[in-house]
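Each remark here refers to the structure printed beneath this line.
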Ligand SMILES: [Fe+2]
């Protein structure tokens, strides 16, 4: 079967990547820009280096800094109104997954009619809209790499997962120097999200030789450097390796797909507004335990990438060790042990089963789950 590999045309990674981006934009005679950013990052002054870089290149821009975690339809509409009022010709998304997903949604509306919920699913975006430059500030959702945007329909309490190569940013930027100030809990949650991307991509039904190396190297980098980045946010090497690790995970899952961890995490975010990375981190070892017997060889390889000494183990034993190593890493970086610690009840999870089954990520799971399987795994995750 033919395999499609998709990613941004240009990626700029490393220190001073933002300065490089400003030069790339300026070279295109781009017109007026709209920055879509996390309010928290603006308050921390993290937007300043970007604005200074754009100023030095003589670029004009407006700002929308009212993005929120788990961005909603109304936030997307407000940001789109801002694009229209400013007469902006391109967008710069600046932040983690929430800001960049908002920017992707506004890009969609710049070329296609409202509502944004119409584009839920795969390949529903006909027109590319205005150019999008995505600066990632976490490591990470890899939203700067991917064709995915997740927008919460706050009225129907459902996450709309939009997957379309037309929303892949034109240029993606990973500058570890702007990740230094991130708090440790955000570092842990976003890092475990990246690990989930790599693991799900590696065992998914869409896994391919063109994505497997990225996924395994991502797992290796995250296992080694996530604890260091959580312990000391100013450890530049750890931040840089995490930025690259999450980027590799994004390259892998953007083409190989995800699985039931994400499918089951999305309803948790939509109903309880819980951080995406935390939901994934709680569910990852539980779903892996379910999938492992069907992907023994792959999980044994993951054990090596996770840093386990498997030299005296059978493949079966090594695959079990991988799941334990994921559990250990999650605990090491301070992820809550289960959803009940976050106020989720048995009644809540029972209401999430249908959404998880219908989620576009579910199709990537190596084993098809029944609603009873999903409910059992949700109960384990409490
Ligand atoms: Fe994710």
Q) Restricted to the range 257-276, and to residues that are at pLDDT 95 or above and within 25 Å of residue 168 (Cβ to Cβ), which residue is nearest to the ligand (Cβ to nearest atom)? A) 262
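If you take the residues in the range 121-153 that are more than 16 Å from the ligand (Cβ to nearest atom) and modelled with pLDDT under 95, which one is nearest to residue 189 (Cα to Cα)? Before you say what the answer is, go through the steps one by one.
So in the range 121-153, the residues more than 16 Å from the ligand (Cβ to nearest atom) come out as 121-133, 135, 153.
Now drop any that are not modelled with pLDDT under 95, which leaves 121-123, 153.
Working: 121: 26, 122: 27, 123: 29, 153: 23 Å.
The residue in question is 153.
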**Q.** Test: residue 289 is surrounded by fewer than 22 Cβ atoms within 10 Å (Cβ to Cβ) and either within 16 Å of the ligand (Cβ to nearest atom) or closer than 23 Å to residue 320 by Cβ (or both)
**A.** yes
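Filter the range 271-285 down to residues that are assigned to a helix (DSSP H, G or I) and surrounded by fewer than 22 Cβ atoms within 10 Å (Cβ to Cβ), then give me how many there are. It would help to see each step written out before you state the result.
The initial filter retains those residues of the range 271-285 that are assigned to a helix (DSSP H, G or I), namely 271-272, 276-285.
Filter again for surrounded by fewer than 22 Cβ atoms within 10 Å (Cβ to Cβ), leaving 271-272.
Number of matching residues: 2.
Residue 229 - would you say it is buried (at least 24 other Cβ atoms within 10 Å of the Cβ) and either within 12 Å of the ligand (Cβ to nearest atom) or at pLDDT below 95 (or both)?
When the stated conditions are applied, residue 229 does not pass them.
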Q. For the range 191-200, what are the residues that are in contact (Cβ under 8 Å) with a residue 60 or more places away in the chain and more than 9 Å from the ligand (Cβ to nearest atom)?
A. 191, 192, 195, 199
Q. Does at least one position in the range 172-190 carry a residue that is crowded, with 22+ Cβ neighbours inside 10 Å and under 21 Å from residue 323 (Cβ atoms)?
A. yes
Q) Quick check, is residue 306 within 16 Å of the ligand (Cβ to nearest atom), in contact with a helix residue (DSSP H, G or I) (Cβ under 8 Å, 6 or more places away or on another chain) and in the same structural domain as residue 217 (by TED's automatic domain parsing)? A) no
Q) Taking residue 318, is it away from the ligand (no atom under 16 Å from the Cβ) and either touching a helix residue (DSSP H, G or I) at 6+ places or on another chain (Cβ under 8 Å) or assigned to a helix (DSSP H, G or I) (or both)? A) yes
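The values are calculated or read from the model by the stated rules, or taken from the named source; none is laboratory data. Keep in mind that what you see is a predicted model, and the values were worked out from it rather than measured. Don't worry about glycine lacking a Cβ; one is built from the backbone with ideal geometry, like all the others, and counts go over all protein chains shown.
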